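A.B. asks: Right, I'll just put the structure down here and ask away after.
The values are calculated or read from the model by the stated rules, or taken from the named source; none is laboratory data. Owing to the predicted nature of the structure, the values given are computational and were not obtained by experimental measurement. With ideal geometry, Cβ positions are generated from the backbone for all residues, glycine too; neighbour counts draw on all protein chains shown. For accessibility, only protein heavy atoms count, side chains too; no ligands or nucleic acids. Shrake-Rupley method; radii C 1.70, N 1.55, O 1.52, S 1.80 Å.
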Amino acid sequence: MQEPEHLPPRPGSIAAILPAAGSGRRFGSHHNKLFALLAGKPLWYHAAFRLRRCSLVGRMVMPVAAADRPFFEGEFAALVSELEVELVEGGEQRTDSVAAGLRQLSGDESIRLVAVHDAARPLVGDADLQSVFAVASQTGAAILAAPVAGTIKRVIGQSDCQTVDRRDLWTALTPQVFRPDLLKLAYEKHRGRPATDDAELVERIGHSVSIVKGSANNLKITLPEDLLLAEAILSQQADHA
Ligand code: CTP
Ligand code: MG
């Protein structure tokens with residue numbers, strides 16, 4: 001029997017995919033940026049830990065690059081097993097990695113929602129997780145996003161620009177949370193056209209995606225200076241815990 005969609009998800013019924021198979025080119029370190037330490041633990045661990053401590057989350061799949069696998073099965077093996085993370089091989093593009101995660105989860109009928117969360121976002125807060133999970137369980141597709149803070153200009157030609165009304169502009173964050181059948185269909189229809197997030201693929205199949213306001217503290221580590229900011233946010237979160 002199909003469960004009514006409006007029921008809140010049961011403990012363990014949300015599966016997470018944590019894409020971690022990038023190379024961190026812009027971060028510029030010798031290893032994957034996700035190995036960089038924040039408060040003594042690698043970035044990927046923080047992201048996975050914050051999902052693991054949410055009781056709604058059950059299976060957690062992490063696509064990793066073949067070249068990084070020896071690290072996850074070596075020096076990180078204890079952390080991987082502590083958080084019960086299933087490792088799979090990622091792909092060339094982020095969408096290939098998420099697709100590999102989805103294949104790993106296929107056939108598991110107990111999954112009510114799939115949450116895709118960048119392993120490079122170590123600071124997602126529990127209240128934001130609860131909000132996006134609640135809305136996704138109502139609408140089938142919801143993402144965390146933060147209102148655009150700066151003044152945005154559209155450049156026209158060589159020496160002119162226009163100010164864009166930012167009131168309806170949002171920066172997409174993760175997790176991005178979907179009913180499994182929707183995300184699967186979105187990926188089946190994808191066929192390689194570039195997309196910057198999972199919600200874009202779901203939009204393309206004509207399903208609306210709900211925006212849930214999340215904290216801008218849920219930053220993605222892209223450049224080395226982002227790590228300094230993350231240290232500051234983490235110590236402030238610890239003060240208020
Ligand atoms: N990712 C992935 N598979 C890829 C590319 C990216 O799983 N082929 C993951 C990254 O590991 C990261 C997340 O997707 O956790 C967001 O991507 P991004 O921040 O762009 O990380 P990288 O691609 O590693 O960084 P860069 O673009 O600077 O190389
Ligand atoms: Mg990238």
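A.B. asks: Is the shape of the chain rounded, prolate or oblate, going by the alpha carbon gyration tensor and its root eigenvalues a ≥ b ≥ c, with a/c under 1.5 for rounded and a/b larger than b/c for prolate?
C.D. replies: It comes out rounded by the Cα gyration axes.
A.B. asks: Can you sort 117, 46 by 1.4 Å-probe accessible area, starting with the largest?
C.D. replies: If we order 117, 46 from most to least accessible, we get 46, 117.
A.B. asks: Another question, then. First measure r as the distance between the Cβ atoms of residue 78 and residue 235, then evaluate 1/(1 + (r/R0)^6) with R0 = 30 Å and state the FRET efficiency to the nearest 0.05.
C.D. replies: Here the calculated transfer efficiency is 0.75.
A.B. asks: In addition: Please figure out what share of the DSSP beta bridges in the chain is antiparallel and state it in percent, rounded to the nearest 5.
C.D. replies: The antiparallel fraction comes to roughly 50 percent.
A.B. asks: Pulled fully out, how much extra length does the chain show between residue 196 and residue 86, if you take 0.36 nm times their separation in residues and subtract their Cα-Cα distance?
C.D. replies: 37.2 nm
A.B. asks: May I pose another question? Return a single number: how many Lys pairs in the chain, at a sequence separation of 8 or more or on separate chains, have alpha-carbon atoms below 30 angstrom apart.
C.D. replies: For the chain, qualifying lysine pairs total 12.
A.B. asks: Of 158, 104, 138, which has the largest mean-square fluctuation in a 10 Å C-alpha GNM of the chain?
C.D. replies: For the chain, modelled as a Gaussian network with Cα springs under 10 Å, the answer is 158.
A.B. asks: Now for a separate question. Can you give me the % of accessible surface on the chain that is carbon or sulfur? Probe 1.4 Å, all protein chains present, nothing else counted.
C.D. replies: 52
A.B. asks: Same structure, new question: Place the peptides 175-187, 220-232 in order of packing, highest mean first, counting for every residue the other Cβ atoms within 10 Å and averaging per peptide.
C.D. replies: Listed from highest to lowest mean packing, they are 175-187, 220-232.
A.B. asks: For the chain, set up a GNM with springs between Cα atoms under 10 Å and report which of 147, 63, 42 has the largest fluctuation.
C.D. replies: Looking only at 147, 63, 42, the biggest GNM fluctuation is shown by 147.
A.B. asks: Rolling a 1.4 angstrom probe over the protein chains, ignoring ligands and nucleic acids, what is the accessible area of residue 209 in square angstrom, nearest 10?
C.D. replies: 30
A.B. asks: Leaving out ligands and nucleic acids, and using a 1.4 Å probe, what accessible area per residue does the chain come to in Å²?
C.D. replies: 52
A.B. asks: Would you look at the GNM of the chain, springs on alpha carbons closer than 10 Å, and say which of 213, 41, 153 moves the most?
C.D. replies: Looking only at 213, 41, 153, the biggest GNM fluctuation is shown by 153.
A.B. asks: May I ask for the net charge around residue 225, where only other residues with Cβ less than 14 Å from the Cβ of residue 225 are counted and Lys, Arg are +1 while Asp, Glu are -1?
C.D. replies: Counting the neighbours of residue 225, the net charge comes to +1.
A.B. asks: Calculated from DSSP H runs of 4 or more alone, at -39500 (n - 2.57) each and per residue, what is the 222 nm mean residue ellipticity of the chain, nearest 500?
C.D. replies: Value at 222 nm, helices only, nearest 500: -9500 deg cm²/dmol.
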